[in-house]
1. For Arg377 and Asp281, what is the calculated FRET efficiency with R₀ set at 41 Å and r taken between the beta-carbons, to the nearest 0.05?
2. For the stretch 266-358, which whole percent of the accessible surface, found with a 1.4 angstrom probe, sits on carbon and sulfur atoms?
3. Relative to the longest principal Cα axis of the chain, at what angle does helix 296-306 sit, 0 to 90 degrees, rounded to 10?
4. Quick query: amide H of Arg494 versus all other amide H atoms, modeled in the peptide plane; which residues come in under 5 Å with a sequence gap of 5 or more or a different chain?
5. For the pairs Lys259/Lys492; Lys95/Lys131; Lys252/Lys323, flag any whose C-alpha to C-alpha distance is greater than 19 Å.
6. Thr455 label point, 7 Å along Cα→Cβ, cut-off 17 Å on backbone N: hits in the stretch 473-507?
7. For the chain, list the cysteines whose Cβ sits under 4.7 Å from no other cysteine Cβ?
8. Which listed residue (Val276, Val176, Gly317) has the Cα farthest towards the positive end of the charge dipole for the chain, taking +1 on Lys and Arg C-beta and -1 on Asp and Glu C-beta about the Cα centre?
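The values are calculated or read from the model by the stated rules, or taken from the named source; none is laboratory data. Owing to the predicted nature of the structure, the values given are computational and were not obtained by experimental measurement. Reconstructed Cβ throughout: ideal geometry from the backbone, glycine too, with neighbour counts over all protein chains shown. Only protein heavy atoms, including side chains, enter the accessible area calculation; ligands, DNA and RNA are left aside. Shrake-Rupley method; radii C 1.70, N 1.55, O 1.52, S 1.80 Å.
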Amino acid sequence: MALQKRRRLGDLLVEAGVITEEQLREALHEQKSTKNRLGDQLVQMNFVDEQQIIEVLEFQLGIPHINLYKQKIDPKIIGIINEELARRYQLLPIKRTGDRLMIAMADPLDYFAIDDIRLSTGFEIEPAIAKKEELRLAINRYYGMQKSIDQMLRDINTNDDDELLLEAQQSDESPVAKMINQLIYQAVQVGASDIHIDPLDTETVIRFRVDGVLRPERTIPKNMHNVLVTRVKILSELNIAEKRLPQDGRFKMDIELRKIELRVSCLPTIYGEKIVMRLLDTGNVLLGIDRLGFSETNEANFRKMINQAYGIILVTGPTGSGKSTTLYSALSNLNSEDVNIITVEDPVEYQLKGINQVQVNSNIGMTFATVLRSFLRQDPDIIMVGEVRDSETAEIALRSAMTGHLVLTTLHTNDAVSAVSRLIDMGIESFLVSSALSGVVAQRLVRRVCPSCATAYELTAEERHLFASRGIETNKLVKGKGCANCSSTGYKGRLAIHETLLIDDYLREMITKKASDAEYRQYVEQKGFIAIFEDGLEKAAKGLTTLDEVYRVTIGE
C-alpha cells in the first residue's frame, strides 16, 4: 500500500463534504467508549450511510466496490486466507493475479489488517470494498461450506470402498450431511423457494431461486456430485441405485424453529442427475385474501366469486405464479364448522386444519378424476382440485359445479379470457362451460422493490405516455439501488398482479356460441375489465414494483 494512500476515513469524508468537522469530532469521541470502527460509528450515529462511505472511497482513492453476490470465487482462492483471519478483519479473498491478491474488506483503510494478510500469505494485497452485511454472509457461506467440501474430498480420495462411503453418507454427522444442511439453511436465510444442483461437464453448480429468479450460489468439484445426490436421495427415501429414471420424493427439516418441507425432483441428464429441492415453509403459508395483493376492484370480484353457493372458479397462470397460495387463502376464508371442504392435490403442499385433503397416486389408479368421482359421495360443499390436467377431470369438475358444489381449481393459461377457450379446446361442451363457470382469476408474481434502498426517479417521456394512455397518474417511479438487505438486486420479496373475470349472462351466451377470445376481450373491456398488465402498472405507480418487472412477467399489451 503506497504511503500517499494512507489517509484516514474521517478526513476523506470531511473533504468530500459528506460530514462536518464537528460530526467527525463527535464520532471520534463516542468511538473511545464504543470501540467501534470509525465507519461503523458514523453510520450508527446517522451522520452517513454505508453507501456514501463506499462512494467516497471508490471515487477519491480509486478503491473498487465489489458486489459479492455476483462474484464467482474459486474455493482455492478462499483457502489462501484462513477462516480466523477472515473473520477477525471481516475480509474475503476474491481474485489472484500472479503474486497479487485482491481482498474484499468492510474497511479497506485498515492498514494493520492489510499488512497482517500480506505477511501471512506472502502476496501483495489489493483491497476492494464490500458492504459489511454482504461480507458477513459471504464469509459464513464460503468458509462454513469449505470445511465440509474439504472433508468430503478427503473421504472420496481415501475411501475406495463403496459400502463404507455409502455408510458415511447415511450418517447425519458426515461432511456431506453437514454440507446439505448448510445449503438448506442458507437457502432459508435468503428466502429461496428452490435449490438447484446442476451437473455440468467439469463441475457442479448450486443455484438458489430467490424471488422467482435463479442465481448461482457456488461451484463444487465434479467428483462430489454423486455423493451429494446420494445424500439427498437417502433423505428423500429414493432408490439410490436407480440413475436412469426420474424420481420424486420429499423430506422435512427444522430450521430455526421453522418446519421446512422439501419436495425433491431427481432428473437424469447427460452429465449426471440434476436435483431440484423446493422449499415449503409449512408454518408460514396462510395469508388472508386481503394480503394477496389484490387491487380493491379485483379483491371485490374474487370475494364475490368464492361467496357463491355453487359454480367453478379458475385460478390461471404459469407454474410458480402463486396459484396455490391464492387457493389456500380462499379455502381458509371459507373454512368453518358448517361446511364440508375436500381437496384433491398432487402433491398436498400444505396441511389445512379442518379440511379433508387427498393426495393423488397414479401408480394405483388414484387419479384426479377417480378421486373426484368419490368426492361426490362424501357430501361436499366445497371442492378444491389442485389442477385441471385433462378433459376427464375438467368435465367432472364442471358437472360437480353444476350440481350445487363450489369448485376451485387451477388451469395453465396466459390470461383470464383465454381460460374459456382452453376448456372448450379440451373437448368440454360449450353449454357446460357457460353453465358452470363463475369466474376466472389470472395472476403473475413480480418482485417487490426493496424498501431499504428504494429510490424515486422521474419518468421518461415514453413512460409518461404509457401511464397516461392507461389513465394512470404518476410523476415518479421507484427502483432499488441494491443493498445488503436485498443481495444488491434492488428487490426484496414478491407480490401478485391480477386480472379478474366475472361471468355474466351475456358472457354465458357468448360462451355457448363459442365466440373468439378477441370478442370476449372486446366485451369485457367495455365493462371496465382491468387487464393484468394495467394492474401491474398501477402497482408500479404506487412504488411497489418496477416497470421492468411488469414487462418481464406480462406480454405488455
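1. Efficiency for this residue pair is about 0.75.
2. Heavy-atom surface of the stretch 266-358 belonging to carbon and sulfur, 1.4 Å probe: 47 percent.
3. That works out to roughly 50 degrees.
4. Under 5 Å from the amide H of Arg494: Arg448.
5. On the way: Lys259/Lys492 22 Å; Lys95/Lys131 17 Å; Lys252/Lys323 23 Å.
Violating the 19 Å Cα-Cα cut-off are Lys259/Lys492; Lys252/Lys323.
6. 476-492
7. Cys266
8. Val176
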